[in-house]
Each structure stands twice: as C-alpha cells, then as structure tokens.
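Some notes on the structure that comes next.
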Amino acid sequence: MNRDRNSIVLIGAMGSGKSTLGRVLAEKLNYKFLDTDAELVKRTGVSISTIFEIEGEQGFRGRETKLLEDLNGARACVIGTGGGIVLLERNRELLKKLGLVIFLEASEDVLYDRLKNCKDRPLIQAEDRRMVIRGILKERQSLYEDVADIIIKTGMGSVRSMVNKVMKSLKKTKCR
Ligand code: S3P
C-alpha cells in the first residue's frame with residue numbers, strides 16, 4: 001500500500017513537546033502543522049480553559065471527537081493532539097485512521113518541570129501537580145502505547161535532535 005504523504009499524528013501527555021516538535025517536523029517534511037487544541041480555540045473563539053469551564057471535560061472530549069472526524073482523510077499534515085485525546089475509544093480509532101501515530105513519551109520528572117508553572121491547562125491547576133501528572137500517566141500510558149505506531153522518548157536533548165530521532169524512525173518504518 002502506498003501511504004506516502006499520509007499524515008503524522010503526535011500523541012503524549014501535556015508537556016511532552018507535541019506542538020514544539022510537531023512544528024519543526026512539519027517544516028522538515030514540508031507538511032502542514034495542525035494542533036487540535038489550537039483548532040478548537042479557533043472553532044469556538046474561546047480558550048481551552050473556558051471550554052472546560054462551560055462544558056466540562058466531557059464537552060471538551062466531544063469537541064475533540066468531532067474535530068478528529070472532520071480531519072479524517074487529511075493528507076500531509078503533522079497533527080499535534082491534546083494529551084487526553086486518547087481517553088475515548090472512538091478517538092483512538094480515529095487517530096489510528098488519521099495516519100502514522102507517534103507517542104512522545106516523557107518522564108514524570110520532565111513533565112513536572114515543564115508544567116509546574118503552567119496556568120492555561122485546566123487539568124493541572126492543582127495543589128500537588130506532581131500527583132496529578134502521576135495519575136495522568138498511570139491512566140493513559142497503556143492507551144498511548146496502544147495507539148502508537150512509534151514511541152519516541154523525549155525530554156533529553158534539543159528539539160532538533162528529537163526531530164532527527166523522529167526522522168530516523170520514520171525512515172525505518174515500512175509504511176512511510
Ligand atoms: C489535556 C491536554 C491539553 C488540552 C487540555 C486537556 C489533557 O493539551 O487538550 O488542557 O487532558 O491532558 P496539551 O497536551 O497540548 O497540553
């Protein structure tokens with residue numbers, strides 16, 4: 001099967017570097033970069049925090065599903081996704097259909113360091129952020145692994161070196 005220029009989907013916890021890495025990767029591949037959170041902000045005209053406030057997490061997840069359905073068939077895109085997009089089975093199915101899925105795996109320590117002062121991610125606004133991150137990883141790790149075609153450990157080295165690591169994996173992956 002010729003899957004040339006199929007989209008690439010980045011999954012992983014908040015703070016794992018999906019948007020930063022995704023942008024550089026897209027540039028390198030000459031693909032378009034899309035971010036599901038940014039698309040939802042564009043569609044609704046309000047912030048992710050406001051969507052959570054008004055519609056709750058369930059409403060937000062529903063919006064993620066609708067967006068993934070709309071993106072079905074998108075070619076030559078690098079798609080960065082919200083960290084919790086894998087929670088719904090329907091979303092996991094849609095992610096797999098969208099293209100090659102890369103799980104950016106970062107440790108609790110790396111995530112904590114990147115998220116400890118973050119103000120705009122509603123799920124992390126807690127007294128004990130480390131515990132929240134630990135819980136999120138515990139809940140989602142197997143879901144990320146289940147959807148992923150490729151797993152890349154992130155957190156060490158520069159964005160460039162991470163992108164090079166991804167590029168090497170893509171070359172090794174038969175379906176690219
Ligand atoms: C979420 C991650 C966020 C955003 C929302 C919920 C999550 O995206 O979708 O705040 O459930 O982990 P990032 O992973 O891009 O931060």
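Any read-out appearing in this document is the output of simple, stated calculations on the displayed coordinates, not a laboratory observation. Computed from a predicted model, the values in this text were never measured in an experiment. We place every Cβ from the backbone using ideal geometry, glycine too, and count neighbours over all the protein chains shown.
Given the Cα-Cα distance of R5 and K28 and 0.36 nm per residue of separation, how much length would full extension add, in nm?
Net length gain for the segment: 7.0 nm.
Just want to confirm a number: the relative contact order over segment 1-87, from Cα pairs under 8 angstrom separated by 6+ residues, in percent.
Relative contact order, segment 1-87: 55 percent.
Assuming 0.36 nm per residue, please report the length gained on full extension of the stretch T50 to T20 beyond their Cα-Cα distance.
Extending this stretch completely gives an extra 8.5 nm.
How long is the gain from K168 to R90 if the chain were fully straight, where each residue apart is worth 0.36 nm and the alpha carbon distance is subtracted?
So the extension gain works out to 25.1 nm.
Computed on alpha carbon atoms, what radius of gyration and Dmax characterise the chain, expressed in Å?
Answer for the chain, Rg first and Dmax second: 15.5, 50 Å.
In terms of Cα to Cα distance under 16 Å, which lysines are near enough to K153, apart from those fewer than 8 places away along the same chain?
Here the lysines satisfying the reach criterion relative to K153 are K18, K165, K168.
Before rounding to the nearest 500, sum -39500 (n - 2.57) across all DSSP H runs of length at least 4 in the chain and divide by the residue total; then give [θ] at 222 nm in deg cm²/dmol.
-17500 deg cm²/dmol
If you place +1 on the Cβ of every Lys and Arg, -1 on the Cβ of every Asp and Glu, and leave all else neutral, what size is the dipole of the chain about its Cα centre, to the nearest 20 Debye?
So the dipole magnitude of the chain works out to roughly 900 debye.
Of T50, S158, I136, which is farthest along the charge dipole of the chain in the positive direction, counting Lys and Arg as +1 and Asp and Glu as -1 at C-beta?
S158
From the residues I102, Q125, G82, which one has its Cα farthest along the dipole of segment 73-176 in the positive direction, the dipole being from +1 and -1 charges on Cβ of Lys/Arg and Asp/Glu about the Cα centre?
I102
In the structure shown, do any of K32/K171; K42/K171; K96/K119; K42/K138; K96/K138 have a Cα-Cα gap over 27 Å, and if so which?
Over 27 Å Cα-Cα: K42/K171; K96/K119; K42/K138.
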